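Okay, structure first, notes after.
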Amino acid sequence: MLRFMRKHASRWLLGVICAVIIVVFVFTFGFKQGGPEKTVAQVGPYKISAEEYYKTHTKMEKYYRSLYGDKFDEETGSQQKLKEMVMGQLLDKYLFLKKAEDMGVKVSGKEFDEFLSGIEVFRRNGAFDQRAYEEFLKRNNTEPKTFEAEQKQAMLIEKTLRIILDNGARLDEKAAYQAYLKERGLVKLSLAVFDPADYRDKVQIDGKELESLYEKEKDSQRSENTYHLKYMLIGEKSGVKDDQAYMELLKSKEMSAYGKSKGVEVVDLGIAKESDLVTRFARLRPKEWLRSLGKGEISLPMRDGGASYIFQMVDREDGKPLEKSEALKAIKTRVTGEKARVMARLAAEDAIKGGAKFAKETGFLPKNNPVVPGVGQIPRDGAGIFTLPKGKTYDKAVDIGGKYYIFACLDEKQPEKDQWEKEKETYKRIFEAMARDAYLTSFKEDLKRTTKVKVYWNEI
């Protein structure tokens with residue numbers, strides 16, 4: 001149950017924080033207006049300036065770096081994804097400001113005074129102090145007018161959200177109970193596996209097909225790229241900052257000498273195949289940067305846990321065109337694998353229609369289980385196997401690790417009714433939060449459909 005609470009509580013918090021960026025306003029201070037502004041997006045009558053976008057981007061990146069530290073890149077993904085998150089939050093901000101205007105929601109002077117009085121840095125001797133307030137804003141290079149306008153916008157959005165959620169999101173106790181059964185219920189499955197490897201010997205490829213494929217692909221059939229790399233491993237106790245090392249290496253290009261002068265380990269990998277490097281440094285995602293490094297070039301620092309890696313491309317050799325016999329062999333291997341997968345999938349689909357022989361059983365598993373022991377992680381499109389009624393077979397083959405599985409429900413167990421009575425109030429609070437989350441997401445999508453929204457990505 002604790003795992004369930006953590007999962008859905010975090011979903012609710014992230015849903016509110018990420019869906020409507022109230023936190024962007026609080027102590028992030030204002031954007032000074034003046035002169036013509038480049039517009040990067042428009043929401044109804046509101047224009048989002050490039051200045052507001054970039055300042056929000058900087059603040060969000062700083063926030064996530066402080067939150068994730070060395071795992072920032074891993075957690076947030078590409079810069080494009082971060083750009084989309086920033087734009088999404090700004091669009092949400094102005095969607096709800098427009099909704100507040102349409103609803104006639106206001107923030108009174110009394111409400112704002114109470115807000116200011118509740119901020120500790122503005123208080124002295126237990127009360128709001130105008131001088132402390134002005135000094136604080138001055139230290140942060142912010143005009144009171146700008147600060148107050150932004151805080152009022154934040155309060156306006158928060159007030160509008162409360163009204164929307166209090167009047168729109170309703171707790172359905174029956175739905176909460178059904179979700180409780182899903183969370184605490186158990187299911188026993190039977191399964192059958194269809195492995196493409198078992199069908200490879202049945203695949204037939206004639207010479208004409210191979211020759212035809214070769215003519216189409218011969219220019220792309222090449223041997224594997226090879227690279228000669230060095231890398232510097234900068235640990236937490238090395239006394240060297242990775243960004244500083246990167247900048248200095250850009251100038252000197254002498255990684256071994258630099259590492260020796262700083263007492264930092266430098267490893268020469270020698271000549272290695274691309275596939276071997278991709279496997280060895282999988283956590284650093286070499287597919288994203290390896291091919292783009294030219295001879296002698298230095299990679300950006302890549303963080304993994306408490307360590308940073310900086311690579312240098314000593315030399316590289318792109319793959320050469322394969323001899324025809326080798327190319328034909330590679331094509332045949334690939335096509336055999338593709339056809340074997342199709343045969344395995346079709347055999348699994350035929351078995352679902354009737355005559356399936358289920359060779360294994362899972363034992364009882366939680367209905368919200370993400371993994372079948374001995375099989376693997378269940379993909380999203382296969383999650384329905386845990387909600388099957390007793391005696392029913394899942395209506396499609398599930399691809400797990402390159403093999404196709406079919407599942408049927410052998411038996412199920414529901415939690416006792418008295419257990420629900422003991423845990424009902426806790427679960428009702430959780431599902432109320434979930435209902436609010438779902439309602440807010442739906443409400444926001446409706447706003448987007450009914451409000452004129454334009455994003456000018458080419459201006460960013």
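For the pair residue 218 and residue 423, label points projected 7 Å from Cα toward Cβ lie 6.6 nm apart.
For the chain, the C-alpha radius of gyration sits at 1.31 times the compact-globule guess of 2.2 N^0.38 Å, with N the residue count.
According to the calculation over all Cα-Cα pairs in region 224-317, the P(r) per 10 Å bin from zero is 16, 54, 28, 2 %. Going from the residue with the fewest nearby Cβ atoms within 10 Å to the one with the most, 247, 155 rank 247, 155.
Once divided by 2.2 N^0.38 Å, the Cα radius of gyration of region 186-343 becomes 1.48. Remark: spin-label model distance residue 175-residue 450 equals 1.9 nm, labels positioned 7 Å along the Cα→Cβ axis. Ranked for footprinting exposure by Cβ neighbours inside 10 Å, fewest first, 341, 65 give 65, 341.
List the pairs from 353/390; 392/413; 241/273; 62/251 whose alpha-carbon separation is above 21 Å, in the order I gave them. Those over the limit are 241/273; 62/251. With neighbour counts taken as other beta-carbon atoms within 10 Å, the residues 352, 298 rank, fewest first, as 352, 298. Electrostatic tally near residue 381: other residues with Cβ closer than 12 Å to its Cβ, Lys and Arg +1, Asp and Glu -1, net 0. What distance in nm separates the simple spin-label points at residue 159 and residue 198, each placed 7 Å from Cα in the Cβ direction? Reported label-point gap for residue 159 and residue 198 is 6.7 nm.
Taken together, the values in this text are just the output of simple stated rules run on the coordinates, not laboratory data. This structure is a prediction, so every number in the text was calculated from the model and none was measured. Heads up, the Cβs are rebuilt from the backbone with ideal geometry, glycines too, and the neighbour counts pull from every protein chain shown.
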